[in-house]
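The structure appears right after this line, and notes come after that.
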Amino acid sequence: MNVLFFLQLKRAVKAVPRLIAGAAIPLFLAGMAVFWAQKHHTDTTGTLLAPVALVNQDTEAYLDFIFPLITNTDAAGSFSFLLMEEEEAMAALADGTVCAVLLLPEKMFSGILDATNIPARLYLPEGTSFPSLLLAKYAEAGALTLGSAQAGIYAASDLYREYGLSGAFSDVSAEINLVNLQYALDRESAFRTASSSATGELSLLEYYGCTLFLCLLLFFGAGMGTFLCSALPKTLSDQLRRNGIGSFCMEASLFLPLVLFYCFAVLLLSLGGSVLLPELTFSPTAVLFLFCLVLCLSVCTQVLFSLFRNAGRGFLAFSFSGLLMIFVAGGFLPYAFLPAVFDSLTPFLPLGACLTGLRRLAGDALTIKDTLLVLAHTAALLPLLGLFSFLRRKGGGV
């Protein structure tokens, strides 16, 4: 058995140059895909502003002050305001040119000062869009802020008049107005900033780094077809059988070099990941998970090549099925851009479970459950490995 193992290990080492050459083009394409995805998800040059029609029916001069105040605030940064006549604005709203119409009625600005409070009117289209809802919330926050400011001014005015201090009200009025302006100009008073990413808690480098990690292992494993599918010389096979080496030992002699190969590849890629992500740590749980990932990939590789019994067909089947599982697991596009069913399917796919575990490892959230799930997939594939290996040997293989 030892002689057979070292013989198969020697054959596996000889296959490595062909493996690297055969995987060069897929690896280049995978790297380009990751580069494109990172650039695509970080490019903000194409951001569009939602157009809003602003109709002014007030003939007073306050608009020269109010219009820049409305259009230049941080909260209005997602909108572009267009001055229009009422008929033109309503027509634009009807045909979808603008997402809302904000109408400023006559004497609105003077009403703010004398407490008549003539409200602005906001018109939204049927089947309200997100920009329209955002603008409605923006207007609602502004109205509440204005109402609170007026209530404070009038309460102070009534209090000073009640105690005969009307002459001193101008000073306190200026202080109240200053407080109100500071509050109104502070975006955090009406809006909260929340960051959301399609990649969750992981950075783009971590997210697509996990995808590239698994793709590299996939393509390297796909190149092992010449080792797994080439038969031993017939005289050597007959001699091994006469010495009592059966099918199980034959398969083990293929499986063990494959495991060692994947272990070496994982070690190299992990060292590279540590350089790119210095905060990445490899706890005992992480090391155990990576070893289980190696076992799972080894079984997957041997199952498919045993099924197809040909290096070329096995390469295509292994690469296609592996890339498909990685795609379903959100490896190339995050789940936010995929059907919801893909997220539900991921735990039932061997490479989906592996990719999920890698992401948890990168995010320092790996648990023993992730390792057990990968082990479960490995155990489920072992009967298939036994069946396909038996059929291959019955048909005359290694």
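Stretching the chain fully between Ser197 and Cys263 yields a gain of 20.5 nm (0.36 nm per residue, less the alpha carbon separation). A 1.4 Å probe run over the protein chains yields, for segment 285-398, 45 Å² of accessible area per residue, whole-number rounding. Applying 1/(1 + (r/R0)^6) with R0 = 45 Å to the Cβ-Cβ distance of Leu333 and Thr145 gives a FRET efficiency near 0.65. Treating r as the C-beta distance of Met90 and Phe169 and R0 as 41 Å, the FRET efficiency rounds to 0.40.
How much FRET efficiency would the formula 1/(1 + (r/R0)^6) give for Thr281 and Ile368, where r is the Cβ-Cβ distance and R0 is 22 Å, rounded to 0.05?
Plugging the Cβ-Cβ distance into 1/(1 + (r/R0)^6) gives 0.85.
Phe169 sits among other residues whose Cβ lies under 12 Å from its own Cβ, and their net charge, with Lys and Arg +1 and Asp and Glu -1, is -3.
Amide hydrogen proximity for Ser203: with H placed 1.01 Å from N in the peptide plane, no residue at 5 or more positions away or on another chain lies under 5 Å.
As a test of reading the structure, rank Lys369, Lys107 by solvent-accessible area (1.4 Å probe, protein chains only), most first.
Heavy-atom accessible area, descending, gives Lys369, Lys107.
Figure legend: label point modelled 7 angstrom from the Cα of Phe348 along Cα→Cβ; residues of segment 297-316 with amide N under 20 Å from it are 300.
Close amide H pairs (under 5 Å, H built 1.01 Å from N) link Ala100 with Ala53, residues at least 5 positions away or on another chain.
Sort Ser157, Ser298 by heavy-atom solvent-accessible area, probe 1.4 angstrom, most to least.
Ser157, Ser298
Taking amide hydrogens as placed 1.01 Å from N in the peptide plane, the amide H of Ser80 sits under 5 Å from those of Ala50, Val52, each at least 5 positions away in sequence or on another chain.
At full extension, Arg313 and Arg161 could sit 45.4 nm farther apart than now, given 0.36 nm per residue minus the alpha carbon distance. Accessible area per residue (1.4 Å probe, heavy atoms of protein chains only) ranks Glu106, Glu86 as Glu106, Glu86, with the largest value leading. Phi-derived couplings, Karplus 6.51 cos²θ - 1.76 cosθ + 1.60 at θ = phi - 60°, listed residue by residue for segment 298-310: 5, 5, 4, 4, 5, 4, 5, 6, 5, 5, 8, 6, 8 Hz, with x used for Gly and Pro. In this view, the solvent-accessible surface of Arg360, computed with a 1.4 Å probe and all protein chains in place, comes to about 100 Å². Net charge in the neighbourhood of Ala94 (other residues with Cβ under 12 Å of its Cβ; Lys, Arg +1, Asp, Glu -1) is -4.
The values are calculated or read from the model by the stated rules, or taken from the named source; none is laboratory data. Being a predicted model, the structure only gives us computed values, none of them experimental. FYI the Cβ positions are ideal-geometry reconstructions off the backbone, even for glycines, and counts take in every protein chain you see. These area figures cover heavy atoms from the full protein model, side chains too; ligands, DNA and RNA do not enter into them. Shrake-Rupley method; radii C 1.70, N 1.55, O 1.52, S 1.80 Å.
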